[in-house]
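The values are calculated or read from the model by the stated rules, or taken from the named source; none is laboratory data. These numbers were taken from a predicted model, which means no experiment stands behind them. Reconstructed Cβ throughout: ideal geometry from the backbone, glycine too, with neighbour counts over all protein chains shown.
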Amino acid sequence: MKKILLGSIITSLLVLFTACSGENEKSSGSGNETVDFFSDKVDDEAAYSEISELINEDIGVELNFVGYSDTTAFQTAVQQSLGQENSPGMFTWWSGYRMEDIAKSGNIEDLTSEWEEYYIPAGVNPDLAEAFKVDGKIYGAPATVLYNGIYYNQEIFEKYNLEVPKTFDEFLALCETLKSEDITPIGMQDAGWASFLWFQQLIAAYNPELYTSLVNGEISYQDEQVVEVMEIWQSMLDNGYFAEPVDHMTRAKQFSNGDVAMTYESTRFTKNLEEDFGLEAEKDYSRFILPSMESSQKPVIFYETSPIAISSASSEKDNAIKILREYYGEEQQQAYADQMGIGFLEGVELGNETNQNITEKANSDDHLSMIRYYEATPATIVDAATTSLWEFVYDPSTSSIENTLKTIQAESEKAFSN
């Protein structure tokens, strides 16, 4: 009787232990442990599926990619789950000031020591850590690094014997030549956030230090230097160098058809051009970096890097840390590059010469790499700027310049007075 009772107690304890373990560790159908990875980069699913297989072979943990096509839904899903055990072990986010709130909430892991012990030795550029720092600690690691530049239609350039500009004056002359041939020089995207793209690039072309001072609240948006840059942009708009802003796919079609000769975009645009329109890198399209307005200054390449953060309260936290250590293996990064045509680790072949070239430029001493405006300054300033800058684009007048800069400066003063 005692043996039967003892056996029942042991069985009950084993069932209870198994149930408790199940609450803390998720398992896949194969019996392996899994880590949920929330992301707003839905196109990355195939790449992460392959990466998951490689990591699982090494450490027996699988990555469950959960993609969100709607940015707002993604943000809500992440923010509502943070601080809870059922939050995703890993998720992508935004760098710079956009990371500050969740870092200061205490809901994501400090990865400073992981950078020193794992990521940097694996070949991750230590300079990228600056984009994920809050109060001196590093709260993210790069999922991707995208470099912005000016795409140009090579067929148009060859037809009219045009060359990639080496100075800013040559760039303006190029735009004028295209206009004289009844070709709109530059395509624009009408997404709500996209108005800052030419603002940041022109500011940095004028003076990189001006850009840094501006995003850090050290100089006024109403400073005469900023006004001068806006007047340059105003002249470009008045001269018809920019097409009417359109949605992303329409702009890609305009570029592919030669209706616009150039457009400013990130590395991901190559995949769009090749898969949707059949263009080939360095045959149908290529990229250049906008020259500086002063020959003594290095051209600036803006980058955006999407960090991977780890939820501190998640039951998957420990396995998420293990996965992120494996993520920067050359085989894993090559798998991502093979699928997406982009990458940032040295030694990884991108399979796209245009992307390979700009990545090498970004890592060279001939260019400055700077984090883009969207992440480089507080979100309240960005929100005010994107709205006001669109008003300027559609009404490039002197009064519009004054109103735009006054509005942004008011938000800047609020943000940096705290």
Can we say GLY347 is under 20 Å from ALA122 (Cα atoms) and either of a type in the set (Gly, Ala, Ser) or not assigned by TED's automatic domain parsing to the domain that holds PHE91 (or both)? yes
For segment 47-55, check the following and say yes or no: at least one residue is modelled with pLDDT of 95 or more, assigned to a loop (DSSP other than H, G, I, E, B) and either touching a strand residue (DSSP E or B) at 6+ places or on another chain (Cβ under 8 Å) or not hydrophobic (A, V, I, L, M, F, W, C) (or both). no
Hey, any hits in segment 256-263 for a residue that's under 20 Å from LYS179 (Cα atoms), touching a Pro at 6+ places or on another chain (Cβ under 9 Å) and surrounded by fewer than 20 Cβ atoms within 10 Å (Cβ to Cβ)? no
Could you look through segment 136-190, keep only residues that are of a type in the set (Gly, Ala, Ser) and under 30 Å from SER306 (Cα atoms), and pick out the one that is surrounded by the most Cβ atoms within 10 Å (Cβ to Cβ)? GLY140
Quick one: in segment 51-74, which of the residues that are free of Cβ contacts under 8 Å to residues at least 24 places away in the same chain and not charged (D, E, K, R) is nearest to ARG325 (Cα to Cα)? SER52
When the residues of segment 59-96 are narrowed to those that are touching a helix residue (DSSP H, G or I) at 6+ places or on another chain (Cβ under 6 Å) and part of a helix (DSSP H, G or I), which ends up nearest to ILE371 (Cα to Cα)? GLY96
Would you point out which residue out of GLU85, GLU109 is among the acidic types (Asp, Glu) and either surrounded by 15 or more Cβ atoms within 10 Å (Cβ to Cβ) or over 16 Å from ASN319 (Cα atoms) (or both)? GLU109
Filter segment 343-383 for residues that are free of Cβ contacts under 8 Å to residues at least 60 places away in the same chain and either out of contact with any helix residue (DSSP H, G or I) (no Cβ under 7 Å at 6 or more places or on another chain) or surrounded by fewer than 21 Cβ atoms within 10 Å (Cβ to Cβ) (or both) and give the result. GLU349, GLY351, GLN356, GLU360, SER364, ASP365, THR380, ASP383
Quick one: would you say GLU275 is assigned to a helix (DSSP H, G or I), free of Cβ contacts under 8 Å to residues at least 60 places away in the same chain and not hydroxyl-bearing (Ser, Thr, Tyr)? yes
Please determine, by comparing only the residues of segment 198-208 that are under 22 Å from the mean Cα position of the chain (by Cα) and surrounded by fewer than 22 Cβ atoms within 10 Å (Cβ to Cβ), which one is nearest to ASN153 (Cα to Cα). TRP198
Anything in segment 309-361 that is of a type in the set (Asp, Glu) and under 26 Å from LYS104 (Cβ atoms)? List them, or say none. GLU316, ASP318
For segment 150-193: of the residues being among the acidic types (Asp, Glu) and modelled with pLDDT of 95 or more, which is nearest to LEU279 (Cα to Cα)? GLU155
Confirm whether MET90 is aliphatic (A, V, I, L, M), at pLDDT 95 or above, under 26 Å from LEU324 (Cβ atoms) and in the same structural domain as VAL61 (by TED's automatic domain parsing). yes
Keeping to segment 186-209, report how many residues are of a type in the set (A, V, I, L, M, F, W, C) and assigned to a helix (DSSP H, G or I). 8
Report whether or not GLU130 is outside the structural domain of ILE381 (by TED's automatic domain parsing), over 24 Å from ASN363 (Cα atoms) and in a helix (DSSP H, G or I). no
